[in-house]
Amino acid sequence: MRKSARAASAFAAVLSVYLAACVDPQEVSRMKSKVDEIQAQQKDVLTKLDDLAKGQKEILAKAGTAAARPAADAPDPNRRYDVSVGNSYTRGPADAVVTVVEWSDFQ
Amino acid sequence: MDQILKAFPNDVRFVFKNYPLPFHPNAMPAAKAAVAAGKQGKFWEMHDKLFQNAKELGPDKYEIWAKEIGLDIDRFKTDVESPETSAVITDDMKEAGKVTVRGTPTFFINGKIPTARSFELYKSMIEEEIKAKKKP
């Protein structure tokens, strides 16, 4: 019986040390600052995610307008292109008022 | 194109430029055959042969047609392979790039690109050009 009583008191002593550690105001403030730090980091991560989402939106918007806008070198039906006859083979009168140039392949 | 030349025998001059599409394996050899025939003054004869037989183009055909239109075959063979012939075709293609040609056939009627491939449209555009030019 004595032995177990001594063990119990030893256990109580150890427990009290642990409990004391738990409510140790220093420890509490350390944990608090740790939590603050984690929250700050989380805020940082969220801001970075927001930035990424914004950047992605901008890229998508730009890609959208690029697709919607006709390419700069698309044929313009209202323009008169400067197409030279050069040394190309011609058919029909040389003094014709209309010149029709055809780019073609044979296949 | 024949249709247009027939419809406007006095008012239209037709110019052919090469644009052999890279995914048409017979297009470049055919273009070379036409240019080589042109060196003997028979471009249009070969051009017509090629168009009439567009579905049967092949490496063994060009010499047959060259004989049919009366070309000097040895000269034809040499001209087909000559860098000068290739240069004519690549020059045509370079010019095509400058004036936004993207596919074949692409027509320019006094420099204007029709919005559709239709004989009726070409005809009305040509008539308009003739009217504008013949105004006193």
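The values are calculated or read from the model by the stated rules, or taken from the named source; none is laboratory data. Owing to the predicted nature of the structure, the values given are computational and were not obtained by experimental measurement. Please note: Cβ atoms are built from the backbone with ideal geometry, for glycine as well, and neighbour counts cover all protein chains shown.
Whenever a residue of segment A:13-36 is modelled with pLDDT of 80 or more, its partners that are surrounded by 10 or more Cβ atoms within 10 Å (Cβ to Cβ), lying with C-beta atoms within less than 8 angstrom and at least six residues away or across chains, give the pairs A:E27/A:A21.
Looking only at segment B:93-104, which residues are of a type outside the set (V, I, T) and without any contact (Cβ under 8 Å) to a residue 40 or more places away in the chain? Matches in segment B:93-104: B:K94, B:G97, B:K98, B:R102.
The set of residues in segment B:86-124 that are over 23 Å from B:F51 (Cα atoms), out of contact with any helix residue (DSSP H, G or I) (no Cβ under 7 Å at 6 or more places or on another chain) and crowded, with 19+ Cβ neighbours inside 10 Å contains only B:V99.
Under the condition of being of a type in the set (K, R) and free of Cβ contacts under 8 Å to residues at least 40 places away in the same chain, which residue from segment B:2-38 is nearest to B:S86 (Cα to Cα)? Walk me through how you get there before you give the answer.
Going through segment B:2-38, the residues of a type in the set (K, R) turn out to be B:6, B:13, B:17, B:32.
Those still in the list that are free of Cβ contacts under 8 Å to residues at least 40 places away in the same chain too: B:6, B:13.
Numbers: B:K6: 31, B:R13: 25 Å.
If we take residues in segment B:2-38 being of a type in the set (K, R) and free of Cβ contacts under 8 Å to residues at least 40 places away in the same chain, then B:R13 is nearest to B:S86 (Cα to Cα).
The set of residues in segment B:39-60 that are closer than 19 Å to B:S86 by Cα and without any contact (Cβ under 8 Å) to a residue 40 or more places away in the chain comprises B:Q40, B:G41, B:K42, B:F43, B:W44, B:M46, B:H47, B:L50, B:L57, B:G58, B:P59. With a requirement of 1 or more residues that are modelled with pLDDT of 95 or more and more than 16 Å from the chain's Cα centre (by Cα), the helices (runs of 4 or more DSSP H) lying completely within segment B:20-136 that satisfy it span B:62-68, B:73-81, B:83-98, B:119-134.
Out of the residues in segment A:85-103 that are at the interface with another protein chain (Cβ under 7 Å from one of its Cβ atoms) and assigned to a loop (DSSP other than H, G, I, E, B), which is nearest to B:I130 (Cα to Cα)? Quick ask: steps written out before the conclusion?
So in segment A:85-103, the residues at the interface with another protein chain (Cβ under 7 Å from one of its Cβ atoms) come out as A:85, A:88-94, A:96-103.
Right, trim to assigned to a loop (DSSP other than H, G, I, E, B) and you get A:85, A:88, A:92-94, A:96-97.
On the way: A:V85: 19, A:S88: 23, A:G92: 15, A:P93: 14, A:A94: 15, A:A96: 9, A:V97: 6 Å.
Only one residue fits best here, namely A:V97.
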